[in-house]
1. Quick test for you: out of A:ALA37, A:ALA19, pick the one residue that is farther than 13 Å from A:ALA156 by Cβ, in a loop (DSSP other than H, G, I, E, B), at the interface with chain B (Cβ under 10 Å from one of its Cβ atoms) and small (Gly, Ala, Ser).
2. Need at least 3 residues that are over 30 Å from B:LEU100 (Cβ atoms) and more than 14 Å from every other protein chain (Cβ to nearest Cβ) per element, so show me which strands (runs of 3 or more DSSP E) inside the range A:105-170 make the cut, counting only ones lying wholly within it.
3. Looking at the range B:27-47 only, could you name the residues that are among the aliphatic types (A, V, I, L, M), surrounded by 18 or more Cβ atoms within 10 Å (Cβ to Cβ) and more than 7 Å from chain A (Cβ to nearest Cβ)?
4. Checking A:GLY28 against (1) of a type outside the set (S, T, N, Q); (2) in a helix (DSSP H, G or I); (3) touching a residue at least 40 places away in the same chain (Cβ under 8 Å); (4) within 11 Å of chain B (Cβ to nearest Cβ), which single condition isn't satisfied?
5. Which residues, taken from the range B:89-120, are in contact (Cβ under 8 Å) with a residue 40 or more places away in the chain and in a strand (DSSP E or B)?
6. Could you grab me the full set of residues in the range B:77-88 that are among the hydrophobic types (A, V, I, L, M, F, W, C) and either assigned to a helix (DSSP H, G or I) or loosely packed, with under 14 Cβ neighbours inside 10 Å (or both)?
7. Among the numbered criteria (1) surrounded by fewer than 19 Cβ atoms within 10 Å (Cβ to Cβ); (2) more than 12 Å from every other protein chain (Cβ to nearest Cβ); (3) within 21 Å of B:VAL42 (Cα to Cα), which one does B:ILE74 miss?
Amino acid sequence: MNKKGTEKILSVWWFFVIAVIGFGIVAGVLIYYSAEADVREVEADVLSGKIVNCISEQGFLKNDVFVKNFDIYSVCGLDKEVFSSGSNFYFRISVFDETGKLFRENIIGGDASFEKDCKIATGIGAKRFPKCVTKNKSLFFFVEGEIKKINLEVLAGSNQITRKVLVIGV
Amino acid sequence: MIIKNKKGDAPIIETVIFITLNVAFFVLFLVFIFRSAAGAVVYEQAYAKQIALLLDGAKPGMAIVVNFEPGIRIADKNKQNLDEAVKINNETNSVIVSLLPGKGGVSYQFFSDYNIQTRLDKTSLIINVGEKNE
């Protein structure tokens with residue numbers, strides 16, 4: 001029996017097995033640690049909460065919301081540039097009366113396609129689709145000396161993914 | 001007269017080389033796994049998102065204190081300049097966290113329109129949120 005020859009083949013085979021295992025471990029670790037921590041839903045929740053809090057006060061909707069040139073960005077401290085075309089964010093503010101009719105025109109900012117995408121993603125759980133959060137709040141509103149009840153609906157969405165930058169320049 | 005047992009030496013050397021190579025392989029794997037687990041990449045992403053979310057929910061006049069101890073430890077270990085570790089770009093509204101020198105960093109955008117200033121105090125990162133025109 002050629003014992004030496006068998007040992008050599010065995011050691012080559014052994015290192016091949018180790019290399020395969022090593023490749024598996026390296027690939028597994030790289031995949032696990034390079035995975036994206038998905039905070040899009042939290043981000044959408046923060047955005048919707050921020051909008052609800054800044055346009056309402058002690059159970060009343062702020063009167064400014066019905067002013068013709070109402071600027072949601074300056075009132076809520078939102079950056080207009082961030083919500084410009086190609087944005088990673090979206091929001092829609094709807095005010096309904098008690099009958100469910102729109103009380104005023106919707107206020108929209110960001111990428112409007114998110115709303116449809118979010119509806120599609122709800123059913124199928126698409127990974128690259130944006131995440132949306134809707135907040136509803138019943139509020140009161142002063143109109144012509146009368147207190148009216150209205151329903152505020154704020155839908156916010158985010159589709160931001162982590163960006164790796166090569167040069168740190170501020 | 002010394003007689004060398006050349007035939008007997010060969011299997012011992014082969015065995016030693018074989019064991020040494022095996023040990024080297026496993027040590028390399030372990031070092032790789034531990035470096036990945038406690039690595040800068042994980043912390044860069046976590047800090048960038050944590051800070052961006054804090055800024056999203058912040059209001060002017062707030063001072064936010066973030067425990068940055070692991071970040072400082074990693075930056076020190078990798079000889080990264082601590083002034084470069086966390087940068088806020090008020091123009092593009094983004095947080096850039098870089099814990100490795102010369103390898104860029106992780107950037108994450110926030111939607112609040114405030115003037116943000118950061119500074120490191122021992123093991124904490126202090127973020128001051130001010131009005132844009134301040």
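The values are calculated or read from the model by the stated rules, or taken from the named source; none is laboratory data. Quick caveat, the model's predicted, so the values are computed rather than measured. Don't worry about glycine lacking a Cβ; one is built from the backbone with ideal geometry, like all the others, and counts go over all protein chains shown.
1. Criteria check complete, one pass: A:ALA37.
2. Values: elements: A:107-110, A:131-143, A:146-158, A:163-165.
Output list reads A:131-143, A:146-158.
3. Answer for the range B:27-47, where residues must be among the aliphatic types (A, V, I, L, M), surrounded by 18 or more Cβ atoms within 10 Å (Cβ to Cβ) and more than 7 Å from chain A (Cβ to nearest Cβ): just B:ALA40.
4. (3)
5. B:SER94, B:VAL95, B:ILE96, B:VAL97, B:GLY105, B:VAL106, B:SER107, B:TYR108, B:GLN109, B:SER112, B:ILE116, B:LEU120
6. Within the range B:77-88, B:LEU82 is the sole residue that qualifies.
7. It fails just one condition, (1).
Conditions tested, residue by residue: (1) among the small types (Gly, Ala, Ser); (2) over 30 Å from B:ASN81 (Cβ atoms).
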{"site": "A:PHE114", "(1), (2)": "no, yes"}
{"site": "A:ALA121", "(1), (2)": "yes, yes"}
{"site": "A:GLY125", "(1), (2)": "yes, yes"}
{"site": "A:ASN136", "(1), (2)": "no, yes"}
{"site": "A:ILE161", "(1), (2)": "no, no"}
